[in-house]
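Report on one structure; see the data block that follows.
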Amino acid sequence: MLTMETISPQTRQTKYCTQIERIIAEFGHASNAEILAELHQTFPDVSATTVHRATARLASRGEISLAPADPTGAMRYDSNTTPHDHFMCTHCGLLRDVDIADKVRPLLMAEIDGCDISSRITVSGTCKTCTTQKDIA
């Protein structure tokens, strides 16, 4: 039987953790500020510190993963915990999961004289929506 003494902070699943996982799954990628704004609709008294602690706990358990920071430098979390790459729009901050490493890594390694690339890849550019809006303006 589990008691409060046998449940470590690493395994504790609070109502906030449950809702944070739902929010990140719905958004795909989200910053603590976005999560906090969404949580305030259900839990108006939740603090930024609580959200920070909960996202850190979920990430340390592998239930969510870190995503590339948004254009302002704010940390973002990802509902997709499998290794993958990202496309990030430098205008609106859109973050999209892509799987390009197997195609791009050999080209990059050839350019850097065979050095091994161990991290996932984030490609920056302008998304379709921002490109279209730029063309209209």
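Bear in mind these aren't lab numbers, they're just calculated from the coordinates by the rules spelled out. What you see is a predicted model; the values in this text were computed from it and never measured. With ideal geometry, Cβ positions are generated from the backbone for all residues, glycine too; neighbour counts draw on all protein chains shown.
Okay, here's what the table says:
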read-out: Selection within region 61-94 - out of contact with any helix residue (DSSP H, G or I) (no Cβ under 7 Å at 6 or more places or on another chain), in contact (Cβ under 8 Å) with a residue 24 or more places away in the chain and within 15 Å of C130 (Cβ to Cβ); value: D70, F87, M88, T90, L94
read-out: Residue ID - surrounded by the fewest Cβ atoms within 10 Å (Cβ to Cβ), chosen from residues in region 47-75 that are among the β-branched types (V, I, T) and in a loop (DSSP other than H, G, I, E, B); value: T72
read-out: Scan of region 38-56 for residues that are small (G, A, S) and more than 15 Å from M75 (Cβ to Cβ), ordered by number; value: S47
read-out: Residue satisfying condition, being over 12 Å from the mean Cα position of the chain (by Cα) and among the aromatic types (F, W, Y), within set Y77, Y16; value: Y16
read-out: Filter result (surrounded by 13 or more Cβ atoms within 10 Å (Cβ to Cβ), in a loop (DSSP other than H, G, I, E, B) and hydrophobic (A, V, I, L, M, F, W, C)) within region 93-137; value: L94, I100, I117, I121, C127
read-out: Given (1) in a loop (DSSP other than H, G, I, E, B); (2) in contact (Cβ under 8 Å) with a residue 12 or more places away in the chain; (3) surrounded by 13 or more Cβ atoms within 10 Å (Cβ to Cβ); (4) of a type outside the set (K, R), number of the condition T42 does not satisfy; value: (3)
